[in-house]
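Each value in this text was obtained by applying a stated rule to the coordinates, not by laboratory testing. Just so it is clear, the structure is predicted and the values come from calculations on it, not from any experiment. A quick note on method: Cβ atoms are made from the backbone with ideal geometry, for glycine too, and the neighbour counts reach across all protein chains shown.
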Amino acid sequence: MARDAKTSSLRYKTSFGDKLFMVINVTVFAVFTLICIFPFYYLFINTISDNDLVGKNLITLIPRGIHFSNYIALKDVSDFANSVIVTVSRTIIGTSLMVLVSALAGYLTTKKEMWHRSLWYRMLVITMYFNAGTIPWYMNMLGLGLTDNYLGYIIPGLVAPYNIILVKTYIESIPASLEESATIDGASAMQVFSKIILPLAKPILATIAVFGAVGNWNSLQDSLILMSNSPELYTMQHRLWVYLNSSSNLATAMQTGGSVTSAMLNTKVIKYTISMVTVIPIMLVYPFMQRYFEEGIMLGAVKG
Amino acid sequence: MTSLVKAREETRRGNTLYIIHRVTILLAVVCVFYPGFNPGRITTAINRNVSLFTASISYNSLVSELERALMRGWVQSSTFVLVMIASIILVVGIALCAVGGCMSVGNNRMRRSGLWFPLAGSVAMTAGLTGLYLAYGHIVQANNKRVPAHFPGGFWLFAVFTAVILISTIVLIIQDRREKKELEDKMKMKESYNLFLLMLPFLALSFVFSYLPLWGWRYAFFDYKAGGELTMDNFVGLYWFTYLFENPATRADFFRVLKNTLGMSALGIATSWLPMAFAILLTQIPNMRFRRIVQNFTTVPNFLGWTIIYAVALAIFATDGFINNFLNNILGISANTNYLMSNSHMWIKMLLWGLWKGLGWNAIIYISSITGIDPTLYEAAEVDGANRFQKMWNVTVPSLMPTFFVLLLMSIANILSNGMEQYLVFSNSMNASSLEVLDLYVYNLGIGNGQIPMSTAIGMFKSVISVTLLFAANTASKKLRGESII
């Protein structure tokens, strides 16, 4: 298929206009790609260059005086180290529980025998399109005692209707005969789920896991709304935002960290380093997960 | 023999006692999460938003408004430890009842075994309520004006639940013994009920986090101050809705915010063809490796949060950022402008940040569709003498139109919801007024200023319009394409 496209485009009579189009086209994409990736390169070279030079705004295109001590020094910025623990733990716990719930709920909604199945399914789907609004949601969370509470990150995210629908659609595409033969052999619904459905649904579960993990990793809004009185529960993004907005806040955190202050002339370096720390994991994981990301968006398209 | 089984089956079905039993248990479970019915609110000094469930899992929430009272020794902390323990016992008791309630839809053997759970559960509930009553006694004894004793209405409610469950369970046990039903070899349940019970926890979660907030809409009709109470005294009817439009200051604010929201959404919709153009032009490039590289790098920003995008913006455009460094160090032009501290063209700037973040990613769906187009269409066009652009316009674009159309309708339905994170992180003293969109306004007003009723009213307005738009978009889609989008 790909070769077909190639040969057919080679079959062109390469006129001047055609060549010009190609040159412009490739240039535009090259420039856009560069714009997408350059800021991260710039951030990165500033975190590994000599801190004096960075402080004097002298690092523009090439790193100088390379060292990695900034990354090590971050562990002394205790507020940030704390927010890393919050974010990493919620990413692991929240995502794995969400995947488990989506898998089970998605499987159960495929079972036509369920008492009033279509009613319950509709009840889940409606929540995707309608919500009461931020403030009633917040008041509800307050009433449930989930504000300033770590569980406020985990519990509301367990039932994700969109992911349940994705799993349901995927399971419905698995030949029903597999499940039927197991049922005839006397397997219960839960046995069928754990022995047959879970292994077969792995691709879709990986997809929703990847999206869920990215969502948790980047979470800012729920931290802003729910944890306003508990700085120790801020997520990484929330903490970074606080630092970006007020250097004084960061300077205090660095002083309480002790040794850091002398090593760093300004808060700029540490801001950049913190930014890189939140970016690098995604950059590292992305190439391996890209397949799942792309599958995910296609599934969303055919959902219907 | 079969007729006997049938008759028994019918007596079971007709047994209203089971229905009362199950419904009571269900109500008790729901009330556990509802702060207004907390039987453990033995003094008005306990935060009125603490439900029985909250009290049983978080001591900090329970005593959140009692720090001073405990420090000064007006009341003993042991009282509240007792409240928490009693709450835990009560919740565990209700959980046991819930297990029994679930088992009561099974076969005879399962129902019989299941009856022991609500028996144990209602005994535990009695113990829990007794504990709460003792704690209430402590408060009465302490007799401090600042920690006034309050006999919670929820106590009676749970006492009634306990009584009903206990009595119905005992009657059901006696009835079960008397009837001498045949017991099956194994505990079993009808598959339809079994599946429903497995689903029930997820439905409950969905109810609590997606439907229960609707009950919060009532705040829009009260003069509520954060931490206050909703009583008939501060019921104000539609006051906030008329205030929003009659007070000149709020009206001006609201229309400014609405203008920002609609303006930026309109820009988004006006450029919604860009991902399609990106995909079509990219697939014109025959070099697969180049395409792969472009696709990989341009999709990365989509997976970064808005805080990171803002960090990038600072690194590039701030006074000590890349642009100024580049001008100073490489071109030798003296410059120290902070490009982010400006209020000019904010809508366009936000659009560009949005495109930088999402363009590559949003193109993927079109790229996949393009690879799925039947190649014979192109061959036929070529035979007819179509050039590159004619083929793009007459073959590729029409086959992408259905996807484009769905996405366009969805973005029209979401015209009021542009999210708050992007605008929040980019806000500063200079540009806040032209960045504030509806979602951000509601957040600033409600969470920032504590104006719960007003922000709830605005949120209601937004929710209702959004749903109307969604249905309109769906109807349009059905009319035009014969296919619904939701």
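What are the ³J(HN,Hα) values, in whole Hz, obtained from phi via the Karplus relation 6.51 cos²θ - 1.76 cosθ + 1.60 with θ = phi - 60°, for each residue of the range A:186-200 in sequence order, with x given for Gly and Pro?
Per-residue couplings from phi come out as x, 7, 7, 4, 5, 5, 4, 4, 7, 8, 10, 5, 4, x, 6 Hz.
From zero outward in steps of 10 Å, how is the percent of C-alpha pairs of chain A spread across the bins?
Taking all Cα pairs of chain A, the binned fractions are 5, 19, 23, 21, 17, 11, 3, 0 percent.
Which value, in Å to one decimal place, does the Kirkwood hydrodynamic radius take for the range B:2-189 when every pair of different Cα atoms is included?
Working: mean 1/r = 0.0562 Å⁻¹.
By the Kirkwood definition, the hydrodynamic radius is 17.8 Å.
Search the structure for amide H atoms under 5 Å from the amide H of B:ALA149, placed 1.01 Å from N in the peptide plane, and list their residues when 5 or more places away or on another chain.
Those qualifying (amide H under 5 Å, at least 5 residues apart or on another chain) number zero.
Just counting partner chain Cβ atoms within 10 Å, what average do the residues of peptide B:383-390 show around their Cβ? Can you show the working numbers first?
Details: counts 0, 0, 0, 0, 5, 7, 3, 0.
Mean shielding by partner chains, rounded to a whole number: 2.
Let me have the 222 nm mean residue ellipticity of chain B computed from DSSP H runs of 4+ only, each contributing -39500 (n - 2.57), with the sum over all residues rounded to the nearest 500. Walk me through the numbers on the way to the answer.
Details: 24 runs with 320 residues, N = 486.
Per the formula, -21000 deg cm²/dmol.
Put one equal scatterer on each alpha carbon of the range B:40-136, apply the Debye formula with no solvent term, and list log10 I(q)/I(0) at q = 0.13 1/Å to two decimals.
Here log10 of I(q) over I(0) equals -0.51.
Between the range B:320-381 and the range A:141-218, what is the separation of their alpha carbon centroids in Å?
36 Å
Using the Kirkwood radius built from alpha carbon pairs, what does the Stokes-Einstein equation give as D for chain B at 37 °C and 0.692 mPa s, in µm² per second? Could you put the intermediate results ahead of the total?
Details: Rh = 28.8 Å.
Roughly 114 µm²/s, to the nearest whole number.
When only DSSP loop residues count, what chymotrypsin sites (Phe, Trp or Tyr not before Pro) in the range A:112-189 have their Cβ near at most 11 other Cβ atoms within 10 Å?
Here no chymotrypsin sites (Phe, Trp or Tyr not before Pro) fit, given the DSSP loop and packing criteria.
Going through the DSSP H helices of chain A, which span 27 Å or more along their own axis at the Cα atoms while scoring at least -0.5 as a mean Kyte-Doolittle hydropathy?
Numbers: long enough: A:16-48 (46 Å, 1.68); A:78-108 (44 Å, 1.29); A:267-302 (47 Å, 0.90).
Helices meeting the span and hydropathy rule in chain A are A:16-48, A:78-108, A:267-302.
If I fit a long axis through the Cα atoms of helix B:77-103 and take the longest principal axis of the Cα atoms of chain B, what angle between them do I get, 0 to 90°, rounded to 10?
Orientation of helix B:77-103: about 90 degrees from the principal axis.
Mind checking the mean number of beta-carbon atoms from other chains within 10 Å of the Cβ atoms in B:187-199?
Working: counts 0, 0, 0, 2, 7, 7, 3, 7, 11, 8, 2, 9, 13.
Per residue, the average neighbour count from other chains is 5.
Springs between alpha-carbon atoms under 10 Å, Gaussian network over chain A: tell me which of A:ILE165, A:ILE270, A:ILE35 tops the mean-square fluctuations.
Judging by the Gaussian network model, the answer is A:ILE35.
Which of B:THR261, B:ASN444, B:TYR423 sits closest to the plus end of the dipole of chain B, meaning its Cα is farthest towards the positive end, when Lys and Arg get +1 and Asp and Glu get -1 on the C-beta?
Result: B:ASN444, furthest along the dipole toward the positive end.
Along the Cα→Cβ direction, 7 angstrom out, place labels at A:GLU172 and B:ILE330. What is the inter-label distance in nm?
5.4 nm
Counting only GluC sites (Glu not before Pro) that are in a DSSP loop and have at most 13 other C-beta atoms within 10 Å, tell me the longest site-free stretch of chain B. The partial results should precede the final answer.
Working: sites that count: B:GLU182, B:GLU184, B:GLU229, B:GLU483.
The longest such stretch corresponds to B:230-482.
Under a crude label model (7 Å from the Cα following the beta-carbon direction), how far is B:VAL383 from B:ASN144 in nanometres?
9.3 nm
Quick check on chain A: helices-only [θ] at 222 nm, where DSSP H runs of length 4 and up contribute -39,500 (n - 2.57) each and the sum goes over total residues. Nearest 500, please.
Working: 17 runs with 218 residues, N = 304.
Value at 222 nm, helices only: -22500 deg cm²/dmol.
Can you pull the semi-axes for the range A:16-67, root of five times each eigenvalue of the Cα gyration tensor, sorted largest first, whole Å? Mind showing how you got there, number by number?
Numbers: eigenvalues 254, 16, 11 Å².
Each semi-axis is √(5λ); the values are 36, 9, 7 Å.
If you take the square roots of the eigenvalues of the alpha-carbon gyration tensor of the range B:241-481 and sort them as a ≥ b ≥ c, do you get rounded (a/c under 1.5), prolate (a/b over b/c) or oblate? Before the final figure, lay out each step's value.
Working: a/c = 2.90, a/b = 1.30, b/c = 2.23.
Judged from the Cα gyration tensor, the range B:241-481 comes out oblate (a/c at least 1.5, b/c at or above a/b).
Can you give the angle from 0 to 90° between the axis of helix B:306-317 and the longest principal axis of chain B, with both taken from C-alpha atoms, to the nearest 10?
Rounded to the nearest ten degrees, it is 30.
Apply the Karplus curve 6.51 cos²θ - 1.76 cosθ + 1.60, θ = phi - 60°, to the phi angles in the range B:367-372 and return the couplings in whole Hz, x for Gly and Pro.
Each residue of the range B:367-372 in turn: 4, 5, 5, 5, 5, x Hz.
Per residue and in cubic angstrom, what volume does the convex hull of the Cα atoms of the range B:238-294 have?
Details: hull volume 6.0 nm³, N = 57.
So the per-residue Cα hull volume is 106 Å³.
To the nearest 10 degrees, how steeply does helix B:153-179 sit against the main Cα axis of chain B, on a 0 to 90 scale?
70 degrees
Quick check on the exposure proxy: order B:LYS462, B:LYS190 from fewest to most C-beta atoms within 10 angstrom.
Values: B:LYS462 21, B:LYS190 13.
Fewest to most other Cβ atoms nearby, the residues stand as B:LYS190, B:LYS462.
Run the count for chain A, please: Lys pairs, Cα-Cα under 29 angstrom, 8 or more apart or on different chains.
Close lysine pairs under the 29 Å cut-off: 19.
For the range A:88-138, place one equal point scatterer on every Cα, skip the solvent, and apply the Debye formula. What is log10 of I(q)/I(0) at q = 0.15, 0.20 Å⁻¹?
The Debye formula, applied to the Cα set alone, gives -0.62, -0.89.
What is the set of long-range amide H partners of A:MET227 at a cut-off below 5 Å, with H atoms built 1.01 Å from backbone N?
A:ASP148
Which distance in nm do the two modelled labels at B:ASN247 and B:GLN175 give, with both placed 7 Å along the Cα-to-Cβ direction?
If labels sit at B:ASN247 and B:GLN175, their model points lie 5.7 nm apart.
Skipping prolines and chain starts, which residues have an amide H placed within reach, meaning under 5 Å, of the one on B:MET189, given they are 5 or more residues away or on another chain?
For B:MET189, the qualifying residues are B:ASN107.
Can you work out the Karplus-derived ³J(HN,Hα) for every residue in the range B:346-360? Use 6.51 cos²θ - 1.76 cosθ + 1.60 with θ = phi - 60°, whole Hz, and x for glycine or proline.
Once rounded to whole Hz, the list reads 4, 4, 5, 4, 5, 4, 5, 5, x, 5, 4, 6, x, 4, x.
Is the protein assembly as shown best put as rounded, prolate or oblate by its Cα gyration tensor, with a ≥ b ≥ c the root eigenvalues, rounded for a/c under 1.5, and otherwise prolate when a/b is larger than b/c, oblate when not?
Working: a/c = 2.08, a/b = 1.37, b/c = 1.51.
Oblate shape, in that a/c is at least 1.5 and b/c is the bigger or equal ratio.
Please give the Cα centre distance for the range B:259-315 versus the range B:130-148, rounded to the nearest Å.
62 Å
Looking at the range A:81-156, which trypsin sites (Lys or Arg not before Pro) are in a loop (DSSP not H, G, I, E or B) and have at most 10 other Cβ atoms within 10 Å? Don't jump to the answer; show the numbers that get you there.
Values: sites: A:ARG90, A:LYS111, A:LYS112, A:ARG117, A:ARG122; in loops: A:LYS111, A:LYS112.
Here the sparse-neighbourhood loop sites are A:LYS112.
Give the residue list of GluC sites (Glu not before Pro) in the range A:97-200 that are DSSP loop and have at most 16 other beta-carbon atoms within 10 angstrom. Intermediate values should be presented prior to the final figure.
Details: sites: A:GLU113, A:GLU172, A:GLU179, A:GLU180; in loops: A:GLU113.
Here the GluC sites (Glu not before Pro) that fit, given the DSSP loop and packing criteria, are A:GLU113.
Got the relative contact order for chain A handy, in percent, Cα pairs under 8 Å and 6 or more residues apart? Display every interim value, and only then the final one.
Working: 260 pairs, mean separation 85.7, N = 304.
It rounds to 28 percent for chain A.
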